[in-house]
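K.L.:
This is the structure I have questions about; it appears just below.
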């Protein structure tokens with residue numbers, strides 16, 4: 001009987017990995033909202049723009065704090081329940097499922113050797129003759 005229970009548990013954890021994987025990733029991202037502070041920055045910014053600058057630091061802070069706590073809690077729930085369906089985002093009426101950033105900031109790709117491999121292999125763009133004043137000819141500029 002214990003082998004049958006172990007086999008059923010293994011089947012639950014290994015079948016349909018795309019749903020649980022996405023749910024766990026979303027849960028970790030949401031649980032780390034406390035360190036990223038995207039909700040806080042967004043609500044302070046949006047309240048300062050649409051209401052007043054002084055309200056941004058008070059009302060926006062409280063709204064951002066509430067959304068940060070809710071997003072972190074939602075992330076913890078998704079981490080704990082990642083092997084169980086449903087795999088779609090929950091509580092989407094109050095909080096958007098993806099990470100939130102202020103309108104004034106859009107994250108980009110970090111400059112890392114994983115992404116910028118051509119510069120580490122010697123195939124970088126840049127000036128052809130940087131030692132000549134006024135040289136504006138560039139190679140590999142996109």
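The values are calculated or read from the model by the stated rules, or taken from the named source; none is laboratory data. A quick note: this is a predicted structure, and the numbers were derived from the prediction, not measured. Note that we place each Cβ from the backbone using ideal geometry, even for glycine, and neighbour counts take in every protein chain shown.
K.L.:
Among the residues of segment 37-55, is any outside any helix (DSSP H, G or I), under 15 Å from the mean Cα position of the chain (by Cα) and within 17 Å of residue 102 (Cβ to Cβ)?
P.N.:
Yes, that holds for at least one residue.
K.L.:
Same structure, new question: Just checking, how many residues over segment 1-23 are modelled with pLDDT of 80 or more and in the same structural domain as residue 78 (by TED's automatic domain parsing)?
P.N.:
We begin by selecting, within segment 1-23, every residue modelled with pLDDT of 80 or more; these are 2-6, 19-23.
Among the residues that remain, those that are also in the same structural domain as residue 78 (by TED's automatic domain parsing) are: 19-23.
Residues meeting the conditions: 5.
K.L.:
Exactly one of these conditions fails for residue 94: (1) outside any loop (DSSP other than H, G, I, E, B); (2) touching a helix residue (DSSP H, G or I) at 6+ places or on another chain (Cβ under 7 Å); (3) exposed (fewer than 15 other Cβ atoms within 10 Å of the Cβ). Give me its number.
P.N.:
Evaluating residue 94 over (1) outside any loop (DSSP other than H, G, I, E, B); (2) touching a helix residue (DSSP H, G or I) at 6+ places or on another chain (Cβ under 7 Å); (3) exposed (fewer than 15 other Cβ atoms within 10 Å of the Cβ) leaves (1) as the failure.
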